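Student: What follows is a structure written as structure tokens; I'll ask about it next.
Values quoted throughout were computed directly from the atomic coordinates according to the rules given, and no laboratory measurement underlies them. Please read all numbers here as calculations on a predicted model, not as lab measurements. Don't worry about glycine lacking a Cβ; one is built from the backbone with ideal geometry, like all the others, and counts go over all protein chains shown.
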Amino acid sequence: MSHLLISAARKSSGKTTVSTGIVRALVQRGHVVQPFKKGPDYIDPMWLTAAASPNRSEPAVAGAADFPRRRACRNLDYHTMTQQEIVATFSRHSDGADFSLVEGNKGLYDGLDLAGGDSSAALAGLLGAPVVLVIDAGGMTRGVAPLILGYQAFEPIAEIAGVILNKIGGGRHEAKLRAALEHYTDVPVLGAVHREPRLEIQERHLGLIPSNEAADAETRIAAIAAAISGQVDLHRLLEVAAPSLAAPPLPRPAPATPDVRIGVARDRAFGFYYPDDLEALAAARAELVPIDLLSDSRLAEIDGLIIGGGFPETHMAELEANAVLRRQIRGAIEAGLPTYAECGGLMYLARSLSWRGVVREMAGVIAADALMHEKPQGRGYVRLRETGRCPWPPLDDSGRRQELPAHEFHYSSLENLGFEPVFAYEVLRGSGIDGRHDGLVINNLLASFAHMRDVGGNHWTRRFVDFVRACKDKSAVTMGLY
């Protein structure tokens with residue numbers, strides 16, 4: 001098995017488009033490809049997952065057994081994971097693949113750490129992965145050479161094994177770029193992808209449009225793969241890849257018999273879930289029940305509910321139109337249904353959602369209004385400290401207020417709160433709901449702008465399932481079933 005890391009000189013150079021095309025093109029040649037994405041990200045991994053799993057309809061909610069088969073993209077993140085977890089996660093999910101592709105984030109050397117300890121270059125060094133740089137060559141000719149030379153000289157931790165020139169203006173432009181690199185550097189040009197607007201994955205606030213919203217996602221992936229096949233030397237790309245390091249993988253959870261049913265909102269409006277978290281929910285003995293907030297006519301029989309992030313603002317007319325389901329969800333939560341909502345889920349549970357001058361009615365569980373802004377209200381890594389008001393059982397029995405790593409990506413704010421809020425978290429780093437707090441607690445609902453990830457220092461899935469189970473047992477006792 002071999003692997004490499006795709007990076008760039010800066011963000012928005014076309015890494016995801018090129019990576020998606022490479023994954024699908026190699027799959028079409030019979031390779032088993034496992035994609036990874038550095039950092040906290042939901043959208044890029046959706047495209048990489050779709051590219052690695054052609055002609056397979058993705059279940060709305062998948063259990064633990066579905067993900068290895070589908071080769072879902074996995075995240076490798078220095079903020080929420082230890083180095084040991086990163087290496088073990090990479091090893092575990094690369095098992096059975098003959099090629100693993102890691103897409104970096106931002107530029108190769110970018111990160112929060114001035115010393116570069118959390119950069120894509122650091123990740124490449126940790127995994128022993130050669131780096132292929134995707135260079136946005138628009139408006140560039142001879143200047144590409146000093147750029148590559150500088151990147152080679154800056155840090156020896158990352159081996160730049162090749163370059164893929166992107167957004168090429170034509171044959172003459174490509175020839176000049178190749179000549180400069182061949183004359184001044186020893187870095188091979190593995191491909192030159194010509195500018196073609198129809199191949200680009202469209203962007204909007206928070207980044208690319210996710211594949212679960214793009215009606216033509218499969219057609220677009222096929223077109224990108226065709227372009228990559230014709231303009232990137234895939235044989236040579238595989239040659240510069242390195243054998244994957246041998247490391248003890250994370251233990252796989254044993255199959256568990258479910259004893260609670262948890263609904264998971266998974267549709268065109270809500271799709272921000274980490275596959276590892278869904279697996280962890282299943283391992284904690286939860287049966288995951290798909291909920292489509294856009295079209296389901298009634299709420300399924302469930303013991304708990306999760307509404308993750310997404311883009312409710314782009315579907316708010318449909319969400320408002322599904323009034324019956326909104327009323328059922330509000331009634332269930334007010335009656336005590338254990339519910340966890342992140343970001344878009346919090347917006348859906350608000351009284352209303354406003355975007356670009358249009359106001360739509362939402363579920364009304366939270367007596368406040370969600371307002372979309374033109375600029376980000378919270379974006380990046382978050383550090384939270386529990387207040388002791390979280391309805392879930394604690395992480396341990398020490399009595400200490402736990403600090404939790406998380407992340408947030410939201411252009412929305414919560415306005416006009418018509419009640420005295422109870423918060424589960426103090427915000428040590430980040431924005432949260434009011435700059436100082438996050439995690440509204442209402443009955444058995446916990447709703448926040450922060451996105452959690454189930455990792456060694458924050459097993460939130462087990463806590464939530466335990467809470468759902470306790471509420472179910474208490475309800476059964478109250479009803480005289482025991």
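Student: How much FRET efficiency would the formula 1/(1 + (r/R0)^6) give for E239 and F154, where r is the Cβ-Cβ distance and R0 is 22 Å, rounded to 0.05? Walk me through the numbers on the way to the answer.
Tutor: Values: r = 25 Å, r/R0 = 1.13.
Computed FRET efficiency for E239 and F154: 0.30.
Student: Still on this structure, I have one more. In straight Cα distance, which lysines are under 21 Å from K167, not counting same-chain residues fewer than 8 positions off?
Tutor: Straight-line reach from K167, under 21 Å: K11, K15, K106, K176.
Student: So between E361 and R198, what do we pick up on full extension, going 0.36 nm a residue minus the alpha carbon distance?
Tutor: Details: separation 163, 0.36 × 163 = 58.68 nm, distance 3.55 nm.
The span from E361 to R198 would gain 55.1 nm if fully extended.
Student: Note the listed values (i) 23.2, 90; (ii) 23.1, 82; (iii) 23.0, 77, then indicate which one is Rg and Dmax of the Cα atoms in Å calculated from this particular structure.
Tutor: (ii)
Student: Next up: Report, to the nearest 10°, how far helix 323-334 tilts away from the longest principal axis of the Cα atoms in the chain, using its own Cα long axis and a range of 0 to 90°.
Tutor: 70 degrees
Student: Can I ask one more? Using the per-residue mean of other Cβ atoms lying within 10 Å as a proxy for protection, in what order, highest first, do the peptides 415-427, 102-114 fall? Numbers along the way, then the final one.
Tutor: Values: 415-427: 16.2, 102-114: 19.5.
Top to bottom by mean Cβ count within 10 Å: 102-114, 415-427.
Student: Nearest 500 deg cm²/dmol is fine: what mean residue ellipticity at 222 nm does the chain get from its DSSP H runs of n ≥ 4 alone, each adding -39,500 (n - 2.57), divided by its residue count? Display every interim value, and only then the final one.
Tutor: Values: 14 runs with 148 residues, N = 482.
It comes out at -9000 deg cm²/dmol, rounded to the nearest 500.
Student: For a footprinting-style exposure proxy, rank M1, M81, M452 by other Cβ within 10 Å, fewest first. Could you put the intermediate results ahead of the total?
Tutor: Working: M1 16, M81 19, M452 24.
In order of increasing Cβ crowding within 10 Å: M1, M81, M452.
Student: Roughly how far apart, in whole Å, are the Cα centres of the stretch 390-430 and the stretch 73-142?
Tutor: Here the two parts' Cα centres lie 29 Å apart.
Student: Quick one: helix 217-231 against the long Cα principal axis of the chain, what's the angle to the nearest 10°, folded into 0 to 90?
Tutor: So the inclination is approximately 20 degrees.
Student: Further, regarding this structure: According to a simple spin-label model (label point 7 Å from Cα along Cα-to-Cβ), what is the distance in nm between A335 and A179?
Tutor: Going by the 7 Å Cα→Cβ label model, 7.5 nm.
Student: Against the longest principal axis of the chain, how steep is helix 460-478, in degrees 0 to 90 to the nearest 10, with axes from Cα atoms?
Tutor: Computed tilt is about 20 degrees.
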